[in-house]
Amino acid sequence: MENYSLALLILRPLNRRTSLILLCLFVLASHCRAQDIASLEKIGPAVSFTRNDKGITLNCSDKSQVQLTVLAPDLIRVRAAFTKPLPARDHSWAIARDDWQPTQWSLTETLDAITIVTAEVEAVVHRSPMLIEFRDARTHSTINADEQPMMYDARGTMRKGMFDPDAGVFVAAAKKLGFDEHFYGLGEKAARLDKRRGGFVNWNSDTPGYVEGRDPLYQTVPFYIGLQKGTAYGIFFDNSYRSHFDFGQFSQEHIWFGAEGGEMNYYFFYGPSIKKILGRYADLTGHMPMPPMWALGNQQSRYSYYPDKMVEEVARRYRQEDLPLDVIHIDIHYLNAYRVFTWDPQRFPDPTALMGKLKQQGVKVVTIVDPGIKYQPAAPGAKTEASSRPELGPQEKSYYVYNQGIEKGFFQKRKNGQLFIPRVWPGDSVFVDYTLPEARKWWGDLHRAYTDHGVQGIWNDMNEPADFVDQTGGNQRDVVSFDEGEKTTHAKNRNVFALLEARATYEGLQRLQPNQRPYVITRAGYAGIQRYATMWTGDSNSTWDSLALSIPMFESLGLSGEPFVGSDAGGFIGRDTGEMLTRWYQVAFLTPFCRNHKDVKGYDQEPWRFGKYYEDIIRKYLKLRYELMPFLYTTLDEAHRTGAPIFRPLLLNYQNDENTLDIDDEFMIGDDLLVAPILKPNQTERLVYLPKGTWYDYWTNKKYPGGTMIRVDAPLETVPMFVRGGAIIPLGPSMSYVGEKPFDPISFAIYPDENGLASTTLYEDDGSSPAYQDGAFRRTKIDVKRAGIGYLVSVGAPVGNYNPGRRKFSFVIKADPIARVVTIADEGQARTLEIR
Ligand code: GLC
């Protein structure tokens with residue numbers, strides 16, 4: 001519909017007849033895509049099959065082969081090769097796990113169908129036409145079914161619109177569209193939460209100033225969740241070629257997904273709960289490792305702070321204003337003429353000293369590292385760098401990174417063997433072929449140019465990879481990557497470029513600082529990126545629309561396996577206002593990644609820039625973020641373990657409540673906090689939907705029954721925030737940066753439910769080392785129940801080997817008009833106490 005109104009708008013100045021003809025052409029063109037899959041060849045009927053202990057392989061009448069593999073009772077993989085046998089090579093950069101425990105399953109066969117039965121799913125392959133259907137093993141009801149047999153472009157009708165017709169054949173699958181079916185996930189999309197009726201493309205793209213509807217954006221996560229009447233399933237179409245997802249944009253009967261090459265290769269996940277699907281998705285593509293706790297701290301950036309004195313000034317000002325700060329990001333101007341892994345000798349003559357000064361104030365530094373390495377053949381007669389600190393030396397005649405990469409043959413080349421020379425910030429540049437394991441190792445090791453000076457984290461930008469010559473990738477079409485010896489081109493490798501760069505960076509940091517958790521933030525990515533990097537949503541606008549759009553974007557990313565997300569607080573491009581910045585912080589203070597960042601030409605927007613009135617409010621929220629750190633860190637651990645994101649749409653916690661299915665102007669943090677931010681100017685009240693249960697206004701403790709919409713006041717000082725009845729929120733002391741003080745006391749704010757019950761499990765570890773992976777953590781379960789006129793609090797025996805030392809626990813019952821508080825020493829033992 002939107003397309004048609006847009007067309008009408010554009011056509012308005014023309015006369016009626018021309019307009020009509022043009023409109024008809026436009027409508028026809030829009031419908032071409034609908035016809036596209038209709039022109040595809042369908043896979044032939046199954047004529048025979050073989051079975052092994054993991055699944056079945058079907059042979060089709062047209063010599064196609066289809067494989068169904070049981071990975072877990074709720075996870076089945078479907079793979080198809082059209083008119084040829086399945087290749088022996090089976091590789092994906094996204095997959096983290098292939099050592100699945102053998103799963104019990106059985107096979108039944110009838111004249112019409114072959115059925116795999118696990119404890120949870122029946123995968124039915126109808127023989128002719130060949131249609132795959134997934135059913136609930138308990139109820140036998142259909143969860144998801146092919147509407148047409150799987151397809152491929154035998155006649156070449158799709159070739160014309162493809163990025164590189166020579167790189168592959170279009171493959172697609174069409175699934176029945178349920179009347180009440182909703183679609184979620186699909187990674188980073190400038191779209192609302194429910195993707196029903198939307199059409200999307202995945203092709204990592206540098207898209208500064210994007211607005212709702214712009215597609216594709218920076219990242220590709222070809223994974224979605226379907227939800228119908230409370231029952232959810234997931235599909236991960238693991239294909240890195242440019243892919244297309246159509247959730248009923250043109251058809252009332254089917255949705256489809258396809259790619260411009262590669263295999264029909266997807267994983268079917270059965271819930272019925274979305275959280276269970278996210279857990280399995282994390283098992284398959286990797287769990288997010290715990291980042292250092294300071295990554296949850298407040299971060300400040302701009303394009304760019306320089307020289308070093310300016311960076312010091314930012315830190316000093318933060319402390320002077322009593323605003324908490326953990327990290328400053330240093331953007332491209334710290335580099336010696338944009339050469340990555342170097343320092344500008346005038347602007348940053350002594351990075352070690354700078355990092356030392358900042359460290360004294362608790363401030364960490366993250367430096368940007370782009371993939372574009374300046375193309376710089378050594379000047380004739382130039383000495384190649386022999387120094388142990390080449391990053392500080394002059395680079396004008398000879399640039400050590402370029403020299404090494406050329407010598408080792410690690411840079412991307414075109415099909416004809418010529419070096420590929422894209423244009424990025426340094427001008428002519430080269431890119432590393434990160435599919436080469438040795439190149440990844442080299443890239444990772446180069447980071448000593450940062451870690452040796454005390455840099456704590458790396459910011460991977462421009463890794464779509466952006467190329468100013470042609471942002472669509474056209475200039476890169478014939479670039480060949482090693483790809484495990486397959487020597488494939490850009491059509492296949494573009495979408496995984498950032499994943500592999502982030503992997504190289506992450507693994508490098510691990511080697512360089514084995515006792516520290518790596519911290520990497522990336523702009524582009526592919527499924528599995530959560531194993532290596534946190535992310536932000538790129539070059540957003542400083543507009544109210546952009547702020548509003550960020551909510552469904554974070555929620556969708558969370559439903560796509562990426563829990564650590566955020567946007568540039570205040571927006572990147574354009575001019576902020578005090579009001580907008582304040583409202584932005586009322587979202588950002590709860591996003592995992594909380595960083596204010598601004599474009600090079602943008603009007604400054606640090607929290608103090610619009611005056612004391614706004615700054616005071618922003619300070620209140622930043623301080624609250626730090627007080628909530630024990631709570632946020634506990635939800636971070638949950639995301640790491642279970643794949644359930646920190647920043648959630650309501651529907652993740654209440655998928656059976658149909659009122660939540662489309663809400664994307666509210667969000668939840670973990671299970672317990674519900675936030676209804678203000679996303680428009682001059683608005684001081686709003687409607688808030690509270691799901692079933694009891695809710696407490698965070699600010700007043702006023703109790704509300706859920707399952708209804710309420711109207712609440714929201715003056716600029718206040719973001720409407722509610723706590724779920726039954727929750728306990730652990731809070732720590734106010735801090736200027738993570739680690740400034742021990743978490744002592746930890747205050748448990750108790751919000752009893754209708755039955756007077758509440759519980760939580762606090763998670764703690766050292767916050768910085770990888771020791772949590774070997775059991776150095778502590779989980780403390782707290783249970784509260786009403787007993788007469790008071791409450792009984794049981795503190796469980798802590799689990800895990802981490803010892804936080806002696807500190808106090810205090811418990812506050814928030815249900816009361818007068819909060820009752822009891823404080824005890826935490827002896828690391830189980831105990832029960834009474835609050836009267
Ligand atoms: C890109 C990034 C932005 C950064 C700029 C300069 O636009 O998205 O965050 O500031 O490049 O490095």
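Solvent-accessible surface (1.4 Å probe) assigned to residue 762 amounts to roughly 0 Å². Neighbours of residue 129 by Cβ distance under 13 Å: Lys/Arg scored +1, Asp/Glu scored -1, total -4.
Averaged per residue, what accessible surface does the chain expose to a 1.4 Å probe, in Å²?
37
Over the stretch 156-301, the reciprocal of the mean inverse Cα-Cα separation, the Kirkwood hydrodynamic radius, stands at 16.7 Å. Note on the stretch 63-122: percent of Cα-Cα distances in each 10 Å bin, starting at 0 and stopping at the bin with the largest distance, equals 18, 43, 35, 4.
Shape of the stretch 133-228 from the C-alpha gyration tensor: oblate (a/c of 1.5 or more and a/b not above b/c, with a ≥ b ≥ c the square roots of its eigenvalues). Accessible area of residue 698 (1.4 Å probe, protein heavy atoms only, ligands and nucleic acids ignored): about 40 Å². Can you find, among 734, 632, 644, the residue sitting farthest towards the positive end of the charge dipole of the stretch 619-750, where Lys and Arg contribute +1 and Asp and Glu -1 at Cβ? The Cα lying farthest towards the positive end belongs to 734. Principal axis analysis of the Cα atoms in the chain yields extents of 79, 75, 66 Å, listed in decreasing size.
So how do 655-662, 571-578, 699-706 stack up, highest first, on mean other-Cβ count within 10 Å?
Per-residue Cβ counts within 10 Å, averaged per peptide and sorted highest first, yield 571-578, 655-662, 699-706.
How big is the gap, in Å, between the Cα center of the stretch 437-494 and the Cα center of the stretch 145-184? Going from one Cα centre to the other spans 29 Å. Considering only C-alpha atoms, what is the centroid distance from the stretch 670-732 to the stretch 214-261, in Å? The stretch 670-732 and the stretch 214-261 have Cα centres spaced 33 Å from each other.
For the peptides 90-98, 485-493, 175-183, 539-547, the ranking by packing is 539-547, 485-493, 175-183, 90-98, with the highest mean count of neighbouring Cβ atoms within 10 Å listed first. Exposure check, 1.4 Å probe, all protein chains in place: residue 665 carries approximately 60 Å² of accessible surface.
How many percent of the accessible area of the chain is carbon or sulfur, using a 1.4 Å probe?
Details: 16050 of 31000 Å².
Carbon and sulfur: 52 percent of the exposed surface of the chain.
Would you mind giving the average projected area, over all directions, of the Cα convex hull of the stretch 296-430 in nm² with one decimal? Write out the running numbers ahead of the final one.
On the way: hull surface 39.1 nm².
Averaged projected area of the stretch 296-430's Cα convex hull equals 9.8 nm².
Each peptide in 217-225, 369-377, 775-783 receives the mean, over its residues, of other Cβ atoms within 10 Å, and ordering these scores from highest gives 217-225, 369-377, 775-783. Calculated mean residue ellipticity, 222 nm, the chain: -6500 deg cm²/dmol, from DSSP H runs (n ≥ 4) at -39500 (n - 2.57) each, averaged per residue and rounded to 500.
The phi torsions of the stretch 456-470, fed into the Karplus equation with coefficients 6.51, -1.76 and 1.60 and a -60° offset, translate into couplings of 10, x, 10, 10, 8, 10, 6, 9, 5, x, 5, 9, 5, 5, 6 Hz, rounded to whole numbers, with Gly and Pro shown as x. If you sort 276, 785 by accessible surface, 1.4 Å probe, largest first, the order is 785, 276.
With the charge dipole of the chain set up from +1 on Lys and Arg Cβ and -1 on Asp and Glu Cβ about the Cα centre, the Cα lying farthest toward the positive end among the listed residues 447, 130, 66 is that of 447. Considering only alpha-carbon pairs that sit under 8 angstrom and 6 or more positions apart, the relative contact order computed for the stretch 39-149 is 19 percent.
Of the residues 154, 502, 805, the one whose Cα sits farthest toward the positive end of the charge dipole of the chain, with +1 on the Cβ of Lys and Arg and -1 on the Cβ of Asp and Glu, is 805.
Cα-Cα pairs above 19 Å in the stretch 383-451: how many percent? Present the calculation step by step, with values, prior to reporting the outcome.
Details: 911 of 2346 pairs.
Summing the P(r) of the stretch 383-451 above 19 Å gives 39 percent of all pairs.
Overall, the chain carries a charge dipole of about 460 debye about its Cα centre when +1 sits on the Cβ of Lys and Arg and -1 on the Cβ of Asp and Glu, all other atoms neutral. Dividing the radius of gyration of the alpha carbons in the stretch 466-517 by their Kirkwood radius gives 1.13 for Rg/Rh.
The values are calculated or read from the model by the stated rules, or taken from the named source; none is laboratory data. Everything quoted here is computed from the prediction, not taken from an experiment. Note that each Cβ is placed from the backbone with ideal geometry, even for glycine, and that neighbours are counted across all protein chains shown. We work out accessible area using only protein heavy atoms, side chains counted, and drop any ligands, DNA or RNA first. Shrake-Rupley method; radii C 1.70, N 1.55, O 1.52, S 1.80 Å.
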